[in-house]
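First up is the structure itself, then whatever we jot down about it.
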Amino acid sequence: MEERRRSLWLLAAAALSFPAWACDPAIEGTRLESARYVLAYKAQKVSVAEHFALDVAACAKPGHPPPESLKVDAHMPEHRHGMNYAPQVKPLGPGRWRAEGLLLHMPGRWELVFELRGGGTNDRLASSVVLGGVLDFNDVEIRKILSHGPWPPRLEPDPSNRVSGRPEAIALGEKLFFEPRLSGPGSVLCATCHVPFRAFQDGRPRGFGLKEGERNTLSVVDARFYRWFGWDGAQDSLWAQSIRPLLDPREMDASAAHVATALRRIFAKEYEKAFARPVPPDDETAMVDAAKALAAFQETLVSPRTPFDDFRDALSKGDREKAARYPLAAQRGLRLFIGKGNCSVCHFGPQFTNGEFADTGVPFFVAPGRVDAGRHAGIAKLRQSRFNLLGRHNDDAMARTAVGTRHVEPQHRNFGEFRVPGLRGAALTAPYMHNGSLPALRDVVKFYSELNEERLHADGEKILRPLRLSVQEAEDLAVFLESLSPAGDK
């Protein structure tokens, strides 16, 4: 009996949730409602730049006058302009009309507006219609777009690291990545600065291990695809880059002996599985091997596909229906990126970077009287390093991986240059620039739009110019950059 009473109560509550005064328009279609009227409309197929018609019916709620007349219009709220044609509305009977001659001349979000008049006043009802489409990219633009893929690229082992790609080394590297006992005081770990849920960086303007550093923390996602590592390129392999924070007193403040001891005491079995030998007695070799295991793990951190990748692949296959799912704002931003913005000169290829270094006009002063020399100092550190690819720890016997290291030379223009970062996942890795000085992607767009050319080297590359973007262009470019991150993860 109690259950029956509960069921009756639920039925009564459900009945009360629907207005008893609602009326039914004379056609089935999309329904809209105002304080006085219920309207339904049914459209023919709506396509960009093609005329179409609407069938409309409306009825009055009890106590209100019947609808007497109807006006129909459409506009794009974001662009503040309407149709180029005035539709003709023909009465078909009481509460029935047919609107003809509508044409939505641009893809994007339109708003259909219905104005019902009755009893001397008007009710306005509106409904959004989103028209997909693909901009008229020319052949040159399409070639540039296609050059940014496909993604992900084919994964190849690193010849300089003999355990690259080995499951046992990857497993060991993952344990080491999250092991605080690798650090000198035992209180920080790789994941302190490379936080998994922050896209493997830390969200700080400048990295903070044991002390604050001077540069922004780079994500290690997609690191396997780089030629040089760090903002200054002072390391030429992912495993050499993994050594640097271990030894830096501001980051992990360890030593070769400390890391080797940790391997012997904590990870001896895992090491033997990964390297097919016991931990070597030479501390430096043991530390390098720990770094190679760390690199093997980091190589697995590849960014997922993005809305841009789906658009790029659909464009390559001529699938306009699928390509049209990519937002028009992102398409317009992409056109700016490869065209007027000239961004793809440095940010090209599937990873959206040339892997080299550039002066972007960001001040390189760290503190009064002290500067960050960037690439110029990085080359000097690279040449002095015992861990570069010209040294004994390179597992590539022919040193084919060391061509860049062998031939790079410092030039005056390298002073104040910093690595051109890849843009995949950019929406997830704020703040930006080598010093973390720009909080958001839109700040980066604004920076390049209003670029101060006086801050660029007089003898540097003359690539950058102020973009002078309009408000809409700046927003479109930001939307495109956001589309280089996985959907839903911004």
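The values are calculated or read from the model by the stated rules, or taken from the named source; none is laboratory data. These figures come from a predicted structure and were not determined experimentally. Positions of Cβ are generated from backbone atoms using ideal geometry, with glycine treated the same way; all protein chains shown enter the neighbour counts. Heavy atoms of the whole protein, side chains included, go into the accessibility calculation; ligands, DNA and RNA do not. Shrake-Rupley method; radii C 1.70, N 1.55, O 1.52, S 1.80 Å.
Having 3 or more residues that are in contact (Cβ under 8 Å) with a residue 12 or more places away in the chain and among the aliphatic types (A, V, I, L, M) is the bar; report the helices (runs of 4 or more DSSP H) wholly within segment 274-351 that clear it. Steps first, answer last, please.
Numbers: elements: 283-298, 307-317, 320-323, 328-338.
Because the criterion is at least 3 residues that are in contact (Cβ under 8 Å) with a residue 12 or more places away in the chain and among the aliphatic types (A, V, I, L, M), the helices (runs of 4 or more DSSP H) in segment 274-351 that meet it are 283-298, 328-338.
Does S34 satisfy the condition of being modelled with pLDDT of 95 or more, open to solvent by 40 Å² or more (accessible area, probe 1.4 Å) and over 16 Å from H105 (Cα atoms)? So that I can check it myself, show each step before the final result.
Working: modelled with pLDDT of 95 or more: yes; open to solvent by 40 Å² or more (accessible area, probe 1.4 Å): no; over 16 Å from H105 (Cα atoms): yes.
Criteria not met by S34.
Can you confirm whether A329 is crowded, with 17+ Cβ neighbours inside 10 Å and at pLDDT 95 or above? Quick ask: steps written out before the conclusion?
Values: crowded, with 17+ Cβ neighbours inside 10 Å: yes; at pLDDT 95 or above: no.
In short, no.
Pick from L423, L467, L477, L451: which is assigned to a loop (DSSP other than H, G, I, E, B) and either hydroxyl-bearing (S, T, Y) or modelled with pLDDT of 95 or more (or both)? Give the derivation first.
Working: L467 fails: either hydroxyl-bearing (S, T, Y) or modelled with pLDDT of 95 or more (or both); L477 fails: assigned to a loop (DSSP other than H, G, I, E, B); L451 fails: either hydroxyl-bearing (S, T, Y) or modelled with pLDDT of 95 or more (or both).
One residue alone meets the criteria, L423.
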message: With the requirement that a residue be touching a strand residue (DSSP E or B) at 6+ places or on another chain (Cβ under 9 Å) and either surrounded by fewer than 23 Cβ atoms within 10 Å (Cβ to Cβ) or part of a loop (DSSP other than H, G, I, E, B) (or both), what does segment 100-111 give you?
response: E100, G101, L103, L104, M106, P107, G108, R109, E111
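Does R244 qualify as being open to solvent by 30 Å² or more (accessible area, probe 1.4 Å), outside any loop (DSSP other than H, G, I, E, B) and not aromatic (F, W, Y)?
Values: open to solvent by 30 Å² or more (accessible area, probe 1.4 Å): yes; outside any loop (DSSP other than H, G, I, E, B): yes; not aromatic (F, W, Y): yes.
Yes: the conditions hold for R244.
Answer yes or no as to whether A440 is of a type outside the set (V, I, T), within 24 Å of R335 (Cα to Cα) and touching a Pro at 6+ places or on another chain (Cβ under 8 Å). Break it down into steps so the answer makes sense when it comes.
Numbers: of a type outside the set (V, I, T): yes; within 24 Å of R335 (Cα to Cα): yes; touching a Pro at 6+ places or on another chain (Cβ under 8 Å): yes.
Criteria met by A440.
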query: Applying the selection to segment 61-81, what residues are surrounded by 16 or more Cβ atoms within 10 Å (Cβ to Cβ) and of a type in the set (G, A, S)?
result: A74
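Conditions (1) surrounded by fewer than 18 Cβ atoms within 10 Å (Cβ to Cβ); (2) among the polar types (S, T, N, Q); (3) farther than 20 Å from R244 by Cβ, marked per residue:
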position	(1), (2), (3)
D359	no, no, yes
G374	no, no, no
A397	yes, no, yes
F415	no, no, yes
field: Failed item in (1) touching a residue at least 12 places away in the same chain (Cβ under 8 Å); (2) part of a loop (DSSP other than H, G, I, E, B), with D136 passing the rest
entry: (1)
